[in-house]
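The values are calculated or read from the model by the stated rules, or taken from the named source; none is laboratory data. Bear in mind that the values here come from a model prediction, so they are computed numbers and not experimental data. With ligands, DNA and RNA removed, areas are computed over all heavy atoms of the protein, side chains included. Shrake-Rupley method; radii C 1.70, N 1.55, O 1.52, S 1.80 Å.
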Amino acid sequence: MSTAALAADALAARQAPEAAPDARPRRRPRIAGTTTERLPVRACSGDDLGRQAARAGQRVRRPAVAEAPALRLTRRGRMLLTAVSVIVFGSAVVVLGLRVTGVLEPGPHFTHTVPVQVAPGQSLWSIAQETNPTQDPALVVEKIADLNKLGSAADVVPGQTLQIPIAG
(Lines give C-alpha, C1' and ligand atoms only; values in the text may rest on other atoms or scores of the structure.)
Protein backbone atom coordinates (compact mmCIF):
# COMPACT_ATOMS: atom_id res chain seq x y z
CA MET A 1 0.00 0.00 0.00
CA SER A 2 1.12 3.51 -0.63
CA THR A 3 1.84 6.00 2.12
CA ALA A 4 -1.13 8.13 1.11
CA ALA A 5 -3.47 5.13 1.37
CA LEU A 6 -2.13 4.19 4.82
CA ALA A 7 -2.56 7.78 6.02
CA ALA A 8 -6.12 7.88 4.67
CA ASP A 9 -6.98 4.61 6.45
CA ALA A 10 -5.56 5.87 9.73
CA LEU A 11 -7.49 9.14 9.43
CA ALA A 12 -10.70 7.30 8.60
CA ALA A 13 -10.26 5.02 11.62
CA ARG A 14 -9.85 8.03 13.96
CA GLN A 15 -12.85 9.91 12.63
CA ALA A 16 -15.32 7.04 12.15
CA PRO A 17 -17.06 5.63 15.22
CA GLU A 18 -16.48 2.01 15.93
CA ALA A 19 -18.94 -0.10 13.98
CA ALA A 20 -21.18 -2.42 15.88
CA PRO A 21 -20.03 -6.02 15.55
CA ASP A 22 -23.43 -7.18 14.26
CA ALA A 23 -23.62 -4.50 11.53
CA ARG A 24 -23.55 -5.90 8.06
CA PRO A 25 -21.78 -4.17 5.19
CA ARG A 26 -24.03 -2.30 2.83
CA ARG A 27 -25.00 -4.18 -0.28
CA ARG A 28 -24.91 -2.73 -3.72
CA PRO A 29 -27.93 -3.07 -5.93
CA ARG A 30 -27.50 -5.47 -8.80
CA ILE A 31 -28.15 -4.29 -12.29
CA ALA A 32 -29.21 -6.78 -14.92
CA GLY A 33 -26.55 -7.57 -17.54
CA THR A 34 -23.56 -6.51 -15.46
CA THR A 35 -20.82 -8.60 -14.02
CA THR A 36 -19.81 -8.81 -10.40
CA GLU A 37 -16.21 -7.84 -11.12
CA ARG A 38 -14.92 -4.72 -9.50
CA LEU A 39 -14.37 -1.79 -11.81
CA PRO A 40 -10.90 -0.26 -12.01
CA VAL A 41 -10.50 2.74 -9.74
CA ARG A 42 -8.54 5.77 -10.84
CA ALA A 43 -5.94 6.55 -8.24
CA CYS A 44 -5.49 10.13 -7.13
CA SER A 45 -4.03 11.77 -4.10
CA GLY A 46 -5.74 14.13 -1.69
CA ASP A 47 -3.75 17.04 -3.14
CA ASP A 48 -5.37 16.50 -6.52
CA LEU A 49 -8.81 16.61 -4.97
CA GLY A 50 -8.00 19.45 -2.62
CA ARG A 51 -8.95 17.48 0.51
CA GLN A 52 -5.75 17.85 2.49
CA ALA A 53 -5.47 21.57 1.81
CA ALA A 54 -9.10 22.11 2.80
CA ARG A 55 -8.60 20.18 6.05
CA ALA A 56 -5.54 22.23 6.92
CA GLY A 57 -7.55 25.42 6.46
CA GLN A 58 -5.59 26.59 3.44
CA ARG A 59 -7.07 27.93 0.23
CA VAL A 60 -6.79 25.69 -2.76
CA ARG A 61 -5.40 27.49 -5.79
CA ARG A 62 -6.99 26.31 -8.99
CA PRO A 63 -5.99 27.85 -12.31
CA ALA A 64 -8.84 29.62 -14.06
CA VAL A 65 -7.58 28.54 -17.47
CA ALA A 66 -5.84 25.29 -18.22
CA GLU A 67 -2.12 25.97 -18.50
CA ALA A 68 -0.48 24.86 -21.72
CA PRO A 69 2.37 22.41 -21.27
CA ALA A 70 5.86 23.75 -21.86
CA LEU A 71 7.41 23.07 -25.25
CA ARG A 72 9.60 20.01 -25.05
CA LEU A 73 11.90 19.04 -27.88
CA THR A 74 12.77 15.46 -28.59
CA ARG A 75 16.35 14.41 -29.17
CA ARG A 76 15.79 14.52 -32.93
CA GLY A 77 14.28 18.02 -32.65
CA ARG A 78 17.26 19.29 -30.64
CA MET A 79 19.66 17.81 -33.18
CA LEU A 80 17.76 19.41 -36.07
CA LEU A 81 17.66 22.79 -34.34
CA THR A 82 21.40 22.60 -33.64
CA ALA A 83 22.19 21.62 -37.24
CA VAL A 84 20.09 24.43 -38.72
CA SER A 85 21.63 27.04 -36.43
CA VAL A 86 25.17 25.82 -37.23
CA ILE A 87 24.44 26.02 -40.97
CA VAL A 88 22.95 29.53 -40.70
CA PHE A 89 25.74 30.95 -38.54
CA GLY A 90 28.44 29.13 -40.51
CA SER A 91 27.22 30.49 -43.82
CA ALA A 92 27.05 34.00 -42.35
CA VAL A 93 30.67 33.72 -41.21
CA VAL A 94 31.77 32.47 -44.63
CA VAL A 95 29.95 35.25 -46.51
CA LEU A 96 31.31 37.94 -44.20
CA GLY A 97 34.81 36.50 -44.47
CA LEU A 98 34.65 36.52 -48.27
CA ARG A 99 33.37 40.11 -48.24
CA VAL A 100 36.25 41.20 -46.00
CA THR A 101 38.87 39.53 -48.19
CA GLY A 102 37.37 41.05 -51.33
CA VAL A 103 36.45 37.86 -53.14
CA LEU A 104 32.77 38.78 -53.35
CA GLU A 105 33.30 42.42 -54.31
CA PRO A 106 31.67 43.20 -57.62
CA GLY A 107 33.79 45.02 -60.10
CA PRO A 108 35.84 44.65 -63.22
CA HIS A 109 38.58 42.05 -63.41
CA PHE A 110 41.60 43.57 -65.07
CA THR A 111 43.58 41.06 -67.09
CA HIS A 112 46.59 43.09 -68.24
CA THR A 113 48.08 46.58 -68.30
CA VAL A 114 49.24 48.87 -71.12
CA PRO A 115 51.57 51.86 -70.88
CA VAL A 116 49.98 55.24 -71.76
CA GLN A 117 51.76 58.59 -71.95
CA VAL A 118 49.77 61.47 -70.41
CA ALA A 119 49.06 64.28 -72.93
CA PRO A 120 48.57 67.93 -71.92
CA GLY A 121 44.98 68.51 -70.62
CA GLN A 122 44.34 64.81 -69.89
CA SER A 123 43.12 63.65 -66.49
CA LEU A 124 42.97 60.20 -64.94
CA TRP A 125 39.21 60.27 -65.56
CA SER A 126 39.57 60.90 -69.31
CA ILE A 127 42.30 58.22 -69.60
CA ALA A 128 40.05 55.74 -67.76
CA GLN A 129 37.12 56.51 -70.12
CA GLU A 130 39.30 56.12 -73.24
CA THR A 131 40.97 52.86 -72.21
CA ASN A 132 37.99 51.10 -70.55
CA PRO A 133 34.77 52.54 -72.05
CA THR A 134 32.53 49.73 -70.69
CA GLN A 135 33.73 50.02 -67.07
CA ASP A 136 32.92 52.49 -64.31
CA PRO A 137 35.56 55.26 -64.59
CA ALA A 138 35.75 55.68 -60.81
CA LEU A 139 36.88 52.07 -60.34
CA VAL A 140 39.40 52.35 -63.17
CA VAL A 141 40.84 55.63 -61.78
CA GLU A 142 41.25 53.97 -58.38
CA LYS A 143 43.05 51.03 -59.95
CA ILE A 144 45.33 53.36 -62.01
CA ALA A 145 46.27 55.26 -58.83
CA ASP A 146 47.03 51.98 -57.01
CA LEU A 147 49.18 50.56 -59.85
CA ASN A 148 51.20 53.76 -60.32
CA LYS A 149 51.41 54.64 -56.60
CA LEU A 150 49.70 58.01 -57.04
CA GLY A 151 48.44 59.88 -53.96
CA SER A 152 45.91 61.98 -55.91
CA ALA A 153 44.92 62.92 -59.46
CA ALA A 154 47.02 66.09 -59.13
CA ASP A 155 50.19 63.97 -59.10
CA VAL A 156 49.82 63.34 -62.86
CA VAL A 157 51.96 65.55 -65.12
CA PRO A 158 51.96 65.74 -68.93
CA GLY A 159 54.54 63.43 -70.51
CA GLN A 160 54.40 60.95 -67.64
CA THR A 161 53.97 57.26 -68.59
CA LEU A 162 51.33 55.39 -66.59
CA GLN A 163 50.42 51.71 -66.48
CA ILE A 164 46.71 51.49 -67.29
CA PRO A 165 44.73 48.33 -66.41
CA ILE A 166 42.57 46.83 -69.15
CA ALA A 167 39.45 44.84 -68.23
CA GLY A 168 39.16 41.52 -70.01
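A few points about this structure:
- Taking all protein chains together and rolling a 1.4 Å probe, Asp155 ends up with roughly 80 Å² accessible.
- In the context of the full protein assembly, Glu142 retains an accessible surface of approximately 110 Å², using a probe radius of 1.4 Å and ignoring ligands and nucleic acids.
- Note on surface exposure: Phe89, Phe110 rank Phe89, Phe110 by accessible area, highest first, 1.4 Å probe.
- Solvent-accessible area of Thr131 with every protein chain in place, 1.4 Å probe, in Å² to the nearest 10: 40
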